[in-house]
Amino acid sequence: MDTLLIRNGTVVNAEDGTMVQADILAEGSRIRKAEPGICDRAVSEIDATGCYVTPGLVDHHTHIYPMASIGISGEAACFGSGVTTAVDAGSTGCGTYERYRPWIRASKLAVCPYIHVSTGGLSSLPEAMEDVDPHHMDAEGIRELFRRYGNELAGLKIRISRNIVGDLGMDPLKRAVEIAELTGVPLMVHITDPPAPIEEVLSVLRPGDIVTHMYQNTGPTILDRGAVSDAVKAAREKGILFEAADARAHFSFEVAEPAIGEGFYPDFLGTDITRLSMHLRPTAFNLAMQLSKYSCLGIPFGTLIHIAAWKNAVNLGLSDQIGSLRPGKQADIAVFRPCRRRNVFGDRPFSNKDAEFREGDLIYEPVLTVKAGEMVWRSVTF
């Protein structure tokens with residue numbers, strides 16, 4: 001049986017964000033030991049001195065459906081950034097998901113899809129927006145899809161930006177919530193430039209539903225007079241969850257900095273990566289760059305791993321298998337080397353006149369990714 005031993009790293013306990021010097025021994029697809037000074041020998045032994053060893057990350061927001069024009073190759077986008085599990089955030093609908101399944105099953109990357117309430121998903125982007133007319137939502141088709149494949153699906157997704165819902169206003173969201181309730185699944189809601197004040201959007205949602213693009217600044221935001229609004233805080237107390245995911249225009253320093261300063265951190269972390277934002281500086285790039293950016297904004301690295309590995313895995317119902325480095329868990333592992341170097345982080349592409357930039361001096365460079373005990377990506381310098 002293949003064995004892998006990673007020695008001398010700073011191991012991050014993703015369940016609570018604490019760190020300790022330790023070794024990790026993987027045997028086959030499972031972690032066998034996680035402790036200091038392991039004496040066993042292994043087929044592959046790696047010295048991780050000066051590096052952080054974390055569980056494989058979960059990118060909670062991607063678009064990796066290869067038949068959509070915005071879609072990307074999941075393995076190409078994820079393995080090189082320490083990501084071993086990805087959430088596809090509604091690229092497919094009930095009319096297209098079954099074409100997606102064979103690709104998922106053939107991929108070493110674990111993929112957990114949200115299903116869009118639009119029957120065709122996001123297959124028409126960027127040429128045309130999806131159809132979110134409540135009268136066109138196939139509630140029975142959605143329910144049938146979850147009856148067949150519910151064990152592999154994460155929930156429903158809708159985007160409610162003004163340029164998508166138009167004169168329909170809040171009606172698509174209200175119908176999507178009804179369908180999610182009938183189906184017994186959570187709903188992820190894209191809130192950039194919503195058609196109503198944030199408090200009205202939140203009033204429709206249920207505990208367990210997810211607000212994505214929490215730090216966006218187009219239209220109503222989570223802030224009220226420069227601070228996180230009471231309605232947003234009450235929604236979190238009610239059980240509504242908040243996700244940060246950038247793409248190219250769904251994050252702003254204007255909102256993120258005061259919110260983070262208050263300790264209003266994301267429940268989940270993702271990239272919203274597409275072919276339009278993959279490896280694009282200075283915005284989404286990949287999840288490793290997101291870790292570096294949020295570290296620059298003041299969120300401790302251990303807390304970021306707690307969010308990006310453990311909390312993301314818990315939300316998907318996968319924390320019994322992934323999300324931490326406990327012995328017995330699947331050997332999904334990432335190694336990051338902290339690099340002191342100047343880097344520019346941005347909330348829009350360089351070409352956008354409204355872009356703002358922040359300069360940091362620390363990058364968490366991915367140097368090794370292990371999926372189920374197999375090294376699926378490794379830097380030539382490591």
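The values are calculated or read from the model by the stated rules, or taken from the named source; none is laboratory data. Since this is a predicted model, take the numbers as computed values, not measurements. Here the Cβ is made from the backbone with ideal geometry for all residues, glycine too, and neighbour counts use every protein chain on show. Each accessible area value is taken on the protein alone, full model and side chains, heavy atoms only, with ligands, DNA and RNA left out. Shrake-Rupley method; radii C 1.70, N 1.55, O 1.52, S 1.80 Å.
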How many residues of region 221-259 are closer than 23 Å to residue 60 by Cα, open to solvent by less than 20 Å² (accessible area, probe 1.4 Å) and of a type in the set (Ser, Thr, Tyr)? The answer is 1
Give the number of residues within region 261-279 that are among the aromatic types (Phe, Trp, Tyr) and touching a Ser or Thr at 6+ places or on another chain (Cβ under 9 Å). 2
Given the conditions (1) over 24 Å from residue 350 (Cα atoms); (2) touching a residue at least 40 places away in the same chain (Cβ under 8 Å), report the number of the one that residue 289 does not fulfil. (1)
How many of the residues making up region 47-68 are farther than 22 Å from residue 152 by Cβ and either in contact (Cβ under 8 Å) with a residue 60 or more places away in the chain or not hydroxyl-bearing (Ser, Thr, Tyr) (or both)? 7
Only one of 322, 299 is part of a loop (DSSP other than H, G, I, E, B), touching a residue at least 24 places away in the same chain (Cβ under 8 Å), buried (at least 23 other Cβ atoms within 10 Å of the Cβ) and under 18 Å from the mean Cα position of the chain (by Cα). Can you tell me which? 322
Please go through region 211-241 and pick out each residue that is of a type in the set (Val, Ile, Thr) and without any contact (Cβ under 8 Å) to a residue 60 or more places away in the chain. 211, 218, 221, 222, 228, 232, 240
Within region 1-26, take every residue that is assigned to a loop (DSSP other than H, G, I, E, B) and in contact (Cβ under 8 Å) with a residue 60 or more places away in the chain and give me the one that is nearest to residue 44 (Cα to Cα). 2
Take the conditions open to solvent by less than 60 Å² (accessible area, probe 1.4 Å), in a strand (DSSP E or B), touching a Pro at 6+ places or on another chain (Cβ under 9 Å) and touching a residue at least 40 places away in the same chain (Cβ under 8 Å) and apply them to residue 335. Does it pass? yes
Within region 117-149, can you find the residues that are out of contact with any His (no Cβ under 8 Å at 6 or more places or on another chain), outside any helix (DSSP H, G or I) and among the acidic types (Asp, Glu)? 127, 131, 133, 138
Checked 125, 145 against criteria (open to solvent by less than 30 Å² (accessible area, probe 1.4 Å), in contact (Cβ under 8 Å) with a residue 40 or more places away in the chain and over 21 Å from residue 246 (Cα atoms)); the one match is 145
Could you check region 338-372 and list, in sequence order, the residues that are exposed (fewer than 13 other Cβ atoms within 10 Å of the Cβ), of a type in the set (Lys, Arg) and in a loop (DSSP other than H, G, I, E, B)? 353
Determine which member of the set 105, 101, 147 is basic (Lys, Arg) and closer than 27 Å to residue 171 by Cα. 147
So which strands (runs of 3 or more DSSP E) stay within region 27-94 end to end and still have 2 or more residues that are under 14 Å from the mean Cα position of the chain (by Cα) and crowded, with 24+ Cβ neighbours inside 10 Å? 57-62, 83-93
